[in-house]
Amino acid sequence: MNKTDALIIGAGPTGLFTAHQLKLIGLDCEVVDNLDKIGGQCIELYPDKPIYDIPAVPECTGEELTNNLINQIKPFDIKFHLSERVDEVKKDGDNWIVKTNSGTTFQTPNVIIAGGVGSFEPRKFPVKECEKFEDQSVFYSIKDKKMFEGKTITIFGGGDSALDWAVELSKNSKVNLIHRRDEFRGAQATLDKVRQLAKEGKINLLTKFQMIGIKGENKLESIDIKSDDKEVKTLQTDYVLGFFGLIMQLGPISNWGLNINKKTIEVDTEKFETNQKGIYAVGDICSYPGKLKLILSGFHEGALAARACFKLARPNEKYRFEFTTSSKSIKERLGVKSD
Amino acid sequence: MFYILALFFFTPIYNPMAKITYITHDNKNYEINVEKGLTVMEGAVQNDIPGIDADCGGGMACATCHVYVKEDWLDKLPKKEDGEDDMLDMAFEPKQNSRLSCQLIVSDDLDGLVVNIPFKQG
């Protein structure tokens, strides 16, 4: 059981800055995120897109913003639990017991939800029957490529993941690569390679096709695909891989007894506390009159929620407002010299 | 006096709204007057029309405001920008008449537009 003053759910910009604020006022915290990397939407959806409305930063990309925020919390020792999704939040006296899908548990008086629009999950095939084969012969990510050796693999998608895996798996497997249009959005060099391998007969490239059916009793046998011109083909295949990127889903958050309205959590504007004492929501996921879904709003909300955490984490102490320019104790926490 | 009256009768009255019809997957029709300048996505979100999630808020970064445009409207819409088709690759059941509704800005040209909302967004 990990004990901490505050647990932050979500490692996007708001979660990172909230962690900074907590550490600055002398509280410790840990961060959980379902992605395998820090940065949230900034890193997953628009790492290369410029942002123009971060105060005092005229222009930066999602990736640059993330890196700067990571640099800003470098002085502090903050434990990140990546690739883990918080599944359960339960009351236990004055504390919350929080469990992730990997079995990590936390005991904390404060839970700060900085979850954006929810956790990122892979987008799946529209064909309902695919669920039956999921994690057996239908996959949305690859953990061990060895299992595909000598088999027939059908890959769907038009981005880098689909192209990279088509090239890689074609070395030891029979590969069908299927995409809904002729244009791909992956790197040109990989695309050239795929087209070359298709010419050599090492990849069976089928464009303007989409899956319409999947067949098999206990084991996957074949899939049906249909073209824009309504041509239907049946392909024998051992495995199917879908690479359609990620989608955000609120997921388990909706089971924690919070007031949720249109996929956002209602909070007050003093502490950014939800209807549950000690659970806060900040950033895109919170709602209150006048809420703006801007990164700068998330920073403000995180700063206030962090102060609210102090009261529950240190019930016998009094929080005193201090500036970073002058506070000796803050400078000590930052590891910088005092004047 | 005649001229003033004539002006009054013959000047077309400026209508700040355009009619957009949203049809959900279970065939419910929503005829909505959407303010020109907003996007078809915003028109749906502001009027609580189910089925348009718009997770990223209109940044062409998530493909959860996916709609099917009635065929006869396809040519009248603004052309897809770079990146829209890339996002549509990830949408749930994209078709040839698929568009991201955050990229369709409501104007006189779009008055009367009909869009179908897919069964789900992802």
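Assorted remarks:
- Taken as a whole, the structure places A:GLU322 among residues that are over 23 Å from the mean Cα position of the chain (by Cα), in a loop (DSSP other than H, G, I, E, B), at negative phi and surrounded by fewer than 16 Cβ atoms within 10 Å (Cβ to Cβ).
- Condition check for A:ILE330: free of Cβ contacts under 8 Å to residues at least 12 places away in the same chain, crowded, with 17+ Cβ neighbours inside 10 Å and either among the hydrophobic types (A, V, I, L, M, F, W, C) or within 30 Å of A:LEU205 (Cα to Cα) (or both): no
- Pick from the range A:174-192, criterion surrounded by 19 or more Cβ atoms within 10 Å (Cβ to Cβ) and over 22 Å from B:ALA61 (Cβ atoms), ranking: farthest from the other protein chains (Cβ to nearest Cβ): A:VAL175
- Given (1) surrounded by 21 or more Cβ atoms within 10 Å (Cβ to Cβ); (2) assigned to a loop (DSSP other than H, G, I, E, B); (3) more than 14 Å from chain B (Cβ to nearest Cβ); (4) not aliphatic (A, V, I, L, M), number of the condition A:THR154 does not satisfy: (2)
- The residue of the range A:20-45 that is farthest from the other protein chains (Cβ to nearest Cβ), among those that are surrounded by fewer than 19 Cβ atoms within 10 Å (Cβ to Cβ) and free of Cβ contacts under 8 Å to residues at least 60 places away in the same chain, is A:ASP28.
- The set of residues in the range B:77-122 being touching a residue at least 60 places away in the same chain (Cβ under 8 Å), under 29 Å from A:ILE225 (Cα atoms) and surrounded by fewer than 17 Cβ atoms within 10 Å (Cβ to Cβ) consists of B:PHE119, B:LYS120.
- Residue ID - nearest to A:ILE153 (Cα to Cα), chosen from residues in the range A:242-279 that are away from every other protein chain (no Cβ under 14 Å), among the small types (Gly, Ala, Ser) and part of a loop (DSSP other than H, G, I, E, B): A:GLY257
- Residue that is farthest from the other protein chains (Cβ to nearest Cβ) [pool: residues in the range A:135-151 that are more than 12 Å from A:SER173 (Cβ to Cβ) and loosely packed, with under 14 Cβ neighbours inside 10 Å]: A:ASP144
- When restricted to residues that are in a loop (DSSP other than H, G, I, E, B) and more than 10 Å from chain A (Cβ to nearest Cβ), the range B:25-57 contains 10.
- Qualifying residue in the range A:32-43 (condition: assigned by TED's automatic domain parsing to the domain that holds A:CYS309 and within 21 Å of A:LEU312 (Cβ to Cβ)): yes
- Considering (1) modelled with pLDDT under 95; (2) exposed (fewer than 15 other Cβ atoms within 10 Å of the Cβ), the lone condition that A:MET248 does not fulfil carries the number (2).
- For the range B:81-88, the count of residues that are within 14 Å of the chain's Cα centre (by Cα), modelled with pLDDT under 95 and of a type in the set (A, V, I, L, M, F, W, C) is zero.
- For the range A:193-233, the set of residues classified as outside any strand (DSSP E or B), surrounded by 17 or more Cβ atoms within 10 Å (Cβ to Cβ) and touching a residue at least 60 places away in the same chain (Cβ under 8 Å) consists of A:LEU220 only.
- Single condition B:MET90 does not satisfy, out of (1) touching a Cys at 6+ places or on another chain (Cβ under 8 Å); (2) under 20 Å from A:SER161 (Cα atoms): (1)
- Of residues in the range B:59-76 being assigned to a loop (DSSP other than H, G, I, E, B) and crowded, with 18+ Cβ neighbours inside 10 Å, the one farthest from the other protein chains (Cβ to nearest Cβ): B:CYS65
The values are calculated or read from the model by the stated rules, or taken from the named source; none is laboratory data. Owing to the predicted nature of the structure, the values given are computational and were not obtained by experimental measurement. Cβ: placed from backbone, ideal geometry, glycine included. Neighbour counts: every protein chain shown.
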